[in-house]
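Trainee: Here you go, one structure.
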């Protein structure tokens with residue numbers, strides 16, 4: 001049986017070196033490395049690895065955009081995020097972009113080879129504390145609570161538009177497309193929403209507004 005092949009995308013050389021070492025010790029072959037999202041997409045199309053291991057935040061282009069492109073161009077390749085971000089919005093955007101796993105960089109490196117094999121076998125590679133988030137997200141979609149009736153005057157009309165689209169499960173880029181604004185404008189509105197509601201995340205804002 002041929003060794004399983006993985007692409008590593010991260011803009012920190014020491015991170016790539018450590019991940020490469022852990023995966024090679026676990027029997028994987030690192031077929032390519034990339035330092036940004038576009039480079040990861042190019043390498044994935046060229047190498048067609050079994051798994052792409054992508055950081056979310058990289059200079060020159062992030063992993064979520066790369067995940068969406070790779071899932072379209074190389075659908076047979078499994079995508080797993082490896083990140084420091086514990087933000088629930090990042091997790092959900094990554095899953096919507098096509099990621100099949102979301103691992104934190106403080107994960108024991110020796111667990112990486114098994115975690116990636118698990119993904120190829122249909123297992124979810126998610127930290128335990130994030131599993132409930134995914135379950136709540138799908139339950140929330142079914143509730144369909146009319147958020148606007150909860151309007152208490154703290155949010156502007158533009159911010160309510162963002163809240164309602166967040167409740168539909170749209171990503172930052174999808175919201176931007178729907179509202180005909182730049183993604184940076186959506187992020188600014190989300191930041192204002194979180195500040196006004198004094199909550200740490202979009203998920204917490206939806207919970208508060210849904211009562």
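Trainee: Kindly establish whether residue 38 is without any contact (Cβ under 8 Å) to a residue 40 or more places away in the chain and in the same structural domain as residue 93 (by TED's automatic domain parsing).
Mentor: Yes, satisfied.
Trainee: Is it the case, given these coordinates, that residue 92 is farther than 14 Å from residue 10 by Cβ, in contact (Cβ under 8 Å) with a residue 40 or more places away in the chain and in the same structural domain as residue 112 (by TED's automatic domain parsing)?
Mentor: Considered against the rule, which asks whether it is farther than 14 Å from residue 10 by Cβ, in contact (Cβ under 8 Å) with a residue 40 or more places away in the chain and in the same structural domain as residue 112 (by TED's automatic domain parsing), residue 92 comes out as yes.
Trainee: Among the helices (runs of 4 or more DSSP H) contained in the range 124-211, which hold 2 or more residues that are touching a helix residue (DSSP H, G or I) at 6+ places or on another chain (Cβ under 9 Å), outside the structural domain of residue 95 (by TED's automatic domain parsing) and at pLDDT 80 or above?
Mentor: 157-167, 172-179, 183-197, 202-209
Trainee: Farther than 22 Å from residue 39 by Cα and part of a helix (DSSP H, G or I): is that true of residue 110 in this structure?
Mentor: Yes: the conditions hold for residue 110.
Trainee: Looking at (1) within 30 Å of residue 170 (Cβ to Cβ); (2) part of a helix (DSSP H, G or I), find the lone condition where residue 85 falls short.
Mentor: Unmet condition: (2).
Trainee: Restricting the first residue to the range 158-174 and requiring it to be on the phi > 0 side of the Ramachandran plot, which pairs with a second residue that is in a helix (DSSP H, G or I) and surrounded by fewer than 18 Cβ atoms within 10 Å (Cβ to Cβ) meet a Cβ separation below 6 Å and a spacing of at least six or different chains?
Mentor: Short answer, once both residue conditions are applied: 169/141.
The values are calculated or read from the model by the stated rules, or taken from the named source; none is laboratory data. It should be emphasised that the depicted structure is a prediction, and the values quoted were computed from it without experimental measurement. Reconstructed Cβ throughout: ideal geometry from the backbone, glycine too, with neighbour counts over all protein chains shown.
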